[in-house]
Amino acid sequence: MDWDIVIDFLLLRDPNVRYVVLGSVLIGASAALTGCFLFLRKRALVGDAIAHAVLPGICLAFLVFKTKNPAILLAGAILTGWLSLLFIDWITNKSRIKTDTAIGLTLSWFFGIGIMLLTAIQKTGNASQTGLDKFIFGKAASMVDQDVFVFGGLSIVVILVIFLFFKPLKLISFDRDFASSIGLPVGRYDFLLSTLTVLAVATGIQAVGVVLMAALLITPAAAARFWTDKLKRMLLLAATFGAFSGIVGAFISYTTPRMPTGPWIVIVISVIAIFSFLFGAKKGLVVRQVRQQKMQRKILRENILKLFYKLAEEDGQLYEQRGVDQLTNRRFFIPSQLKTGLQQLLKENLLEKADLDYRFTEKGVEEGKRITRLHRLWEMYLTQYLKIAPDHVHDDAEAIEHIITPEIEAELVHQLEMPELDPHDSTIPYGEKLPNKIKD
Amino acid sequence: MKTAIEVHDLTVTYNQKPALWDIDFDIPDGALVGIIGPNGSGKSTLVKSMMGIVEPSSGWVKIFDQDIEQVRHKVSYVPQRESVDWDFPTNVMDVVLMGRYGRSGLFRRLSKKDKRIAAESLEKVGMLQFAQRQIAQLSGGQQQRVFMARALAEQAEMYLMDEPFAGVDAATENSIFEVFQEIRDSGKTMMVVHHDLQSAAKYFDYIVLLNTRLIAAGPTEEVFTQELLQEAYGGKLSILDQIHAIIEQKGYPVRES
């Protein structure tokens, strides 16, 4: 790699680099913003269809006007992009074919025609035809200032329109029927969103290429969704992801001119998406795993404390020291897990060390009592309200005791009228009170 | 008594298939009305066509003697809970504030007053403490109460609700019914799609009994007769069924014109 070119790019010394970067950022951001609404309306595939359907338009515009003027090619792209949408609607309305099939048909049909026209153009040997194929896989560095004015300008329009119509777009994406019920012209907003999609796709034809423009629409939205539950933040994140991958694409295209830009942009945005899928703060796989493990450890600790309390009930010695053997004799624990569980309880000051054994602290007693109480209250609830036989309630209570919140506990106590005994005649421990047989 | 809703010879078709057929009834002002009928009998379609969400093939609906477009701001609609994606990235307060969009406009910032009304509406359905909660984290009953709160925030004169009791727990059912009574006591008209015959008699003082066609419409005690319920729920009219099938298969128009 030629480092001078890299440094040139990073310092934005060359005015043309500045144009290319600016253009790529705007294109990436506008596509990502539009894509968020497609994503939320579960119309991701429509974006794919449009991306493929703009190709015949570009070729037709070139054939008719014999020019590579970006404004004219763009007009062609928008025309056939729009036609493809009408075509999808027409098929679904006039036949029994469902939307997914209609999209598949339209996509391949339009793209097929596009490739056919492209081949025909290349065969004519027209001097200016060279380079038309960059519209398939994209070549960001080939944008000159004139191109950036057209494509970047259009992207700015798309971004502004989304900003201006944020509320109605949000409303029709969440609840269409309600939106029409308050008099929102839902059909017109559908039209607006479709138009925005066509425009957002069309702006990317030179920098990203038609085929892969769909990825720049949908992938940033999908990635952003893993990080936030707020729509505004999702839009902002998606736009950032889109813009970033645009810059990387431009960089690659500038430093390695023979490399097509589109695939690189897709790779960058896909890496972001996979990372989000794994580590996303809201729904990421790893975050969910960690949360699950935390829960497992909490369950384990609560089970240990409950067992301490149970043993105290049996021998009447609340602060008796108890060894690992005594615990494992009464309940199955995986030894390594039991060890870490006990360590954790020592750290939380719920148990204390006594010689080699463990015993309750006062705080630990309260916790042990609480878990036991929840277990027994739930058993009562199941027998009384769900009419389940007393010998069938234990397993369910083993799981639910870890879930019951203080509010639900209060509600249980209220509804069951603070029962003294559980279905198996064990005392339900409340507050300070200890069953008679346990010595303090 | 004044008429709040007039439905005249309403026929609605989906893909050639009749969903409602010649529906014709009046609703008096201030009534709490249940729309009852078996699955697929056109209950939701009726409410949607009253709101102008679904285009009728023929016939019309007048609300307060006017076309729905003239009185939209006076009518609040609660869609079926399942009709939206509850995984949508938004919170409870945001959804309830949507109820203010109709009045405050979509291009103005919501005012303090809007926010106060939204909070009061949440309070009425017992959901104020969940105002900042993500909607994905709500139970079915809570989702339904959020929809109720959004409807209350619209401060309408009439409420049309699609299955507000579907999939809710007993506590929610009671609190929703309390909201109903409050609305009725303030003299407003309410039409509620409902699927449970048992509770319908208790909840509503007026019933519209449907099975694609209108079986009966009137005060609950007049409509809830063995004979009429049998007609709605026990076996369909076979000739009408055959006509429906022919229309669907051959593509005849439902109305000449």
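Filtering segment B:95-118 to residues that are open to solvent by 30 Å² or more (accessible area, probe 1.4 Å) and more than 22 Å from the chain's Cα centre (by Cα) leaves B:F107, B:R108, B:R109, B:L110, B:S111, B:K112, B:K113, B:K115, B:R116.
Where helices (runs of 4 or more DSSP H) fall entirely within segment A:250-366, those with at least 2 residues that are over 25 Å from the mean Cα position of the chain (by Cα) are at A:285-315, A:324-330, A:335-347. Scanning segment B:52-88 for residues being in contact with a Phe, Trp or Tyr (Cβ under 7 Å, 6 or more places away or on another chain) and assigned to a loop (DSSP other than H, G, I, E, B) gives a total of 3. Within segment B:150-181, the set of residues being modelled with pLDDT of 85 or more and either part of a strand (DSSP E or B) or within 13 Å of chain A (Cβ to nearest Cβ) (or both) comprises B:R150, B:A151, B:A153, B:E154, B:Q155, B:A156, B:M158, B:Y159, B:L160, B:M161, B:D162, B:E163.
Among the conditions (1) touching a residue at least 40 places away in the same chain (Cβ under 8 Å); (2) assigned to a helix (DSSP H, G or I); (3) among the β-branched types (V, I, T); (4) out of contact with any helix residue (DSSP H, G or I) (no Cβ under 6 Å at 6 or more places or on another chain), the only one that A:I7 does not satisfy is (1). For A:I97, the stated conditions do not hold, so it cannot be described as β-branched (V, I, T) and more than 14 Å from chain B (Cβ to nearest Cβ). Would you confirm whether any residue within segment A:180-192 is buried (at least 24 other Cβ atoms within 10 Å of the Cβ) and part of a helix (DSSP H, G or I)? Yes, some residue in segment A:180-192 is buried (at least 24 other Cβ atoms within 10 Å of the Cβ) and part of a helix (DSSP H, G or I). Exactly one residue out of B:V84, B:V75 is at the interface with chain A (Cβ under 8 Å from one of its Cβ atoms), more than 17 Å from B:V192 (Cα to Cα) and touching a helix residue (DSSP H, G or I) at 6+ places or on another chain (Cβ under 9 Å): that is B:V84. Taking residues in segment B:97-111 that are at the interface with chain A (Cβ under 9 Å from one of its Cβ atoms) and in a loop (DSSP other than H, G, I, E, B), and partners anywhere that are of a type in the set (K, R) and surrounded by 11 or more Cβ atoms within 10 Å (Cβ to Cβ), the pairs with Cβ atoms closer than 8 Å and at least 6 places apart or on different chains are B:L106/A:K167; B:F107/A:K167.
Kindly evaluate A:G284 against the criterion of being in contact (Cβ under 8 Å) with a residue 24 or more places away in the chain, away from chain B (no Cβ under 14 Å), open to solvent by less than 10 Å² (accessible area, probe 1.4 Å) and closer than 27 Å to B:E82 by Cα. Considered against the rule, which asks whether it is in contact (Cβ under 8 Å) with a residue 24 or more places away in the chain, away from chain B (no Cβ under 14 Å), open to solvent by less than 10 Å² (accessible area, probe 1.4 Å) and closer than 27 Å to B:E82 by Cα, A:G284 comes out as yes.
Restricting attention to segment B:29-69, report how many residues are surrounded by fewer than 18 Cβ atoms within 10 Å (Cβ to Cβ), of a type in the set (D, E, K, R) and either within 14 Å of chain A (Cβ to nearest Cβ) or without any contact (Cβ under 8 Å) to a residue 60 or more places away in the chain (or both). Looking only at that region, the number is 3. Looking only at residues in segment A:171-200 that are touching a Leu at 6+ places or on another chain (Cβ under 6 Å) and within 9 Å of chain B (Cβ to nearest Cβ), the one that is nearest to A:A221 (Cα to Cα) is A:S173. In this structure, is B:K202 under 21 Å from B:Y101 (Cβ atoms) and charged (D, E, K, R)? The answer is no for B:K202.
The values are calculated or read from the model by the stated rules, or taken from the named source; none is laboratory data. From a predicted model like this one, the values you see are computed outputs, not experimental measurements. Note that each Cβ is placed from the backbone with ideal geometry, even for glycine, and that neighbours are counted across all protein chains shown. Side chains included, ligands, DNA and RNA excluded: accessible areas come from the protein's heavy atoms. Shrake-Rupley method; radii C 1.70, N 1.55, O 1.52, S 1.80 Å.
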